[in-house]
2 protein chains.
Amino acid sequence: MPIAGQVAIIGSASTPFGVLHDRGYLELLGEAARGAIADAGVTQERVEAAWLGTAEPGVAALLGDAGTAVTEAIAFAPKPVTRVSTFCCTGMEAVRAAAMAIAAGEHELVLAVGAEKMRDVSPRGSLVARTANLTHPTLAKGRSAPGQFALLANRYLQVYGHELADLAAVAVKNHEHAQRNPLAHFRTPVTVEQVLAAPRVAEPLGVLDCTPTTDGAAAVILASVDWAREHADDYAVIEAISLAVVDGYYAGFFHGEPDYLGFRVTREAAARAYAAAAIESPREQLDVVECHDCFTITELVNYEDLGLCGRGEGVELLRSGATTAGGDVPVNLSGGLQACGHPVGATGVRMIKEIADQVIGRAGERQVGGARRGLAHTLGGPGVASCVAIIGAPR
Amino acid sequence: MPIAGQVAIIGSASTPFGVLHDRGYLELLGEAARGAIADAGVTQERVEAAWLGTAEPGVAALLGDAGTAVTEAIAFAPKPVTRVSTFCCTGMEAVRAAAMAIAAGEHELVLAVGAEKMRDVSPRGSLVARTANLTHPTLAKGRSAPGQFALLANRYLQVYGHELADLAAVAVKNHEHAQRNPLAHFRTPVTVEQVLAAPRVAEPLGVLDCTPTTDGAAAVILASVDWAREHADDYAVIEAISLAVVDGYYAGFFHGEPDYLGFRVTREAAARAYAAAAIESPREQLDVVECHDCFTITELVNYEDLGLCGRGEGVELLRSGATTAGGDVPVNLSGGLQACGHPVGATGVRMIKEIADQVIGRAGERQVGGARRGLAHTLGGPGVASCVAIIGAPR
């Protein structure tokens, strides 16, 4: 059977996200994995296989370079563990791969876990320094992520006649939301003035337009919906999970995106997910969204690329309050990457946990009343890979 | 449906393996992928998704760090491409993941491709120097692969009372086989005397006991057996494909293997594959084997761990001629890693292609008359991950 509608999330857990120099990669991974297993109400013995999402094993002494990190963290031998990496979509890819195994009937219960230590500094320097030294195709040319997304921001503001304050409003919203997320990296609200006054990273993006650099791990346990119906107290259903990949990573940022105003790859991934989940009007049919706000500008174009509004209408949607807590399609109630941070392998798993918690009705102070279906979205590469997951309540 | 017996290999291709400084990573990857698509007799448009196996993207400017390498190499956008990495099992893991998608019914036709440029030297030095510099858990302590397998070799020779010439006989056999493999890195036969006289790498292993360092790529196209039955001219069936992972990578080589005489992880992977494929007597039920002869000693213990003979009987099996061309269970007719080399991501895919070609009956000068079922095996980590695939002719 294909994944759509047949695979259930029966347990999930996340470590706190933050600067966790006092906790190792294996420790974080283990906490998330064991937490998800406990949350599912099963014993570890019953979990038959695992998928690991870690994007940058080189930072933490090659930990996460292969699935054996899971084996060691939770004493999982000799069960199979597969490591996947897809830039910033890495975590959601771990969930997608694990869901494939459930859909195939290869396993009854599986673990998907994402973990990343972003703050560690290896003997060869920081993450960015190290990858640049490795002749990273964009970083080695001085094209950092903020620098590349700054191109998008400048172009977007210029074409649509918006102001820096419109970008800042995204950071304000997501930091406000994060006050209700005990696991977020930053839980202090910020004002438009603070965002605008923050040190510039790459014009027009300042520090508070950017996701922080963060450590963390998150995990989910998957089973078939048939299994969940019989055995699980509560669960969420993966109505769709899609990956799209386009070219441009080696050719250069925005290759094939000549208008510099959005990301084809998100539109492709969303189209596939919406088709699988029979979603025709995302704004009406989604109750809650987690999207990849690596920079403030990214959230605005994500609104458009995900079809929550038309092209060029992102700022208008934000201003309407629709995407703020209490709005009709709240986005990044967790605080998003802006406030949670972005431990790459963990992010997509965290998002899926967040949406699953919403449709199960256990999202605490962040709960959207009556949430039945939500979306989680990651964008990686930058701009060359995107995962979109639609998570719903059981029918 | 689970994978076993339901997924078919309908096309395959491999680049020549060798020192390919004149050919880039994307070029090799593209040649293998396009070759497999052409061999399957389908158009690229019909291939819906891909899996990429590359273990060491840092050597080639991070090429292969995510699936977008496939996207760029063959203009595959916007289709999903997932990268997996599992040490030396990376290539076979790509096939396993792709098979999962077919078994799930997520896709009709998919590509699994493995590629590795091992000979490139990055600005930070060679592969080994670079990973050691990254605080690799074993290399950084001076424990190179030859050094670690030398421990196994010394112990094996001592316990069972064998000679260096018994190790050398593996290299002699596989180099002899490789004369009939036009894609092998080395096709010149070697003598026991040459193997014994070769420069020592790590006592008791000399240069000719070790797999060379090699570039290359290989690919397969998968479909359901139902699809293959209707549409394919010829195909092979994945009767089983399993991964086992045990701990020890971070804890240290041979953790949990106190006898230093074999690899539990291969035994675990084989047990799973044999159960799925209903194999009770591997020696009798397998017509041909490709196993992970990264060092001469490895092939001998693989015989034992794969159940082709009892523990401690590897040398006897080799001496009997059973594993030599013309024997009843020929091993590494391709030349194995000894003579083909070991471009990590490509190796497992190449092996699966080799066994598929055998059961289809198109293995050229290497063909085993009447071959109906074979096994491919990789060992990674070292000693912490193993993949075993059973490939059979259609029933």
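So what is the relative contact order for chain A, in percent, with contacts set as C-alpha pairs under 8 Å and at least six apart?
25 percent
Calculate how large, on average over all directions, the projected area of the Cα convex hull of the protein assembly as shown is; give the answer in nm² to one decimal.
That works out to 29.4 nm².
Can you give the FRET efficiency to the nearest 0.05 for A:ALA197 and A:GLU280, using r as the Cβ-Cβ distance and R₀ = 41 Å?
Efficiency at R0 = 41 Å is approximately 0.45.
Taking each residue of B:84-96 in turn, how many C-beta atoms of other protein chains fall within 10 Å of its C-beta, and what is the average?
Per residue, the number of nearby Cβ atoms from other chains is 4 on average.
Working out 0.36 nm times the residue gap between A:GLU27 and A:ARG155, then minus their Cα-Cα distance, what length gain in nm do you get to one decimal?
So the chain would gain 41.8 nm between A:GLU27 and A:ARG155.
Rounded, prolate or oblate: which one fits segment B:159-269, using the alpha carbon gyration tensor with axes a ≥ b ≥ c (rounded when a/c is under 1.5, else prolate when a/b beats b/c, else oblate)?
Values: a/c = 2.56, a/b = 1.36, b/c = 1.88.
It comes out oblate by the Cα gyration axes.
Rounded if a/c is under 1.5, else prolate if a/b is larger than b/c, else oblate: which is segment A:8-61, with a ≥ b ≥ c the root eigenvalues of its Cα gyration tensor?
Note, shape of segment A:8-61 comes out prolate.
For chain A, which cysteines have no second Cys with its Cβ under 4.7 Å from theirs?
A:CYS88, A:CYS210, A:CYS291, A:CYS294, A:CYS309, A:CYS340
Mean Kyte-Doolittle of at least -1.0 plus a Cα span of 15 Å or more along the axis: flag which DSSP H helices in chain A meet both, please.
A:25-40, A:90-104, A:145-160, A:164-178, A:264-277, A:344-360
Place a +1 charge on the Cβ of each Lys and Arg in the protein assembly as shown and a -1 charge on the Cβ of each Asp and Glu, then give the dipole magnitude about the Cα centre in debye, rounded to the nearest 20. Don't jump to the answer; show the numbers that get you there.
On the way: 62 positive and 88 negative charges, 169 e Å.
Once rounded to the nearest 20, the dipole reads 820 debye.
List the residues of segment A:178-204 whose backbone N lies under 17 Å from a point placed 7 Å from the Cα of A:VAL19 along the Cα-to-Cβ direction.
From segment A:178-204, the list is A:184-188, A:199.
If the label point is 7 Å along Cα→Cβ of A:THR188, which residues in segment A:203-222 have backbone nitrogen under 19 Å from it?
In segment A:203-222, the label zone of A:THR188 (backbone N under 19 Å from the point 7 Å along Cα→Cβ) covers A:206-215.
In deg cm²/dmol and to the nearest 500, what is the mean residue ellipticity at 222 nm of chain A if only DSSP H runs of at least 4 residues count, each as -39500 (n - 2.57), divided by the residue total?
That comes out to -11000 deg cm²/dmol.
For chain B, with a Gaussian network of springs between Cα atoms less than 10 Å apart, report the residue from B:GLY64, B:GLY335, B:GLY41 with the top mean-square fluctuation.
Fluctuation is largest for B:GLY41.
Only four residue types carry charge here, +1 at the Cβ of Lys and Arg and -1 at the Cβ of Asp and Glu. Report the dipole size of segment B:276-395 about the Cα centre in Debye, rounded to the nearest 20. Mind dumping the intermediate values first?
Working: 10 positive and 14 negative charges, 74 e Å.
In total the dipole reaches around 360 debye.
Based on Cβ point charges of +1 for Lys and Arg and -1 for Asp and Glu, what charge dipole magnitude is obtained for chain B about its Cα centre, in debye rounded to the nearest 20? The partial results should precede the final answer.
Values: 31 positive and 44 negative charges, 98 e Å.
About 460 debye.
Give me the count of lysine pairs in the protein assembly as shown whose alpha carbons sit under 27 angstrom apart, restricted to pairs 8 or more positions apart or on different chains.
16
No value in this document is a laboratory result; all are computed from the given coordinates. Model, not experiment: these values are computed from the prediction. Positions of Cβ are backbone-derived with ideal geometry, glycine not excepted, and every protein chain shown enters the neighbour counts.
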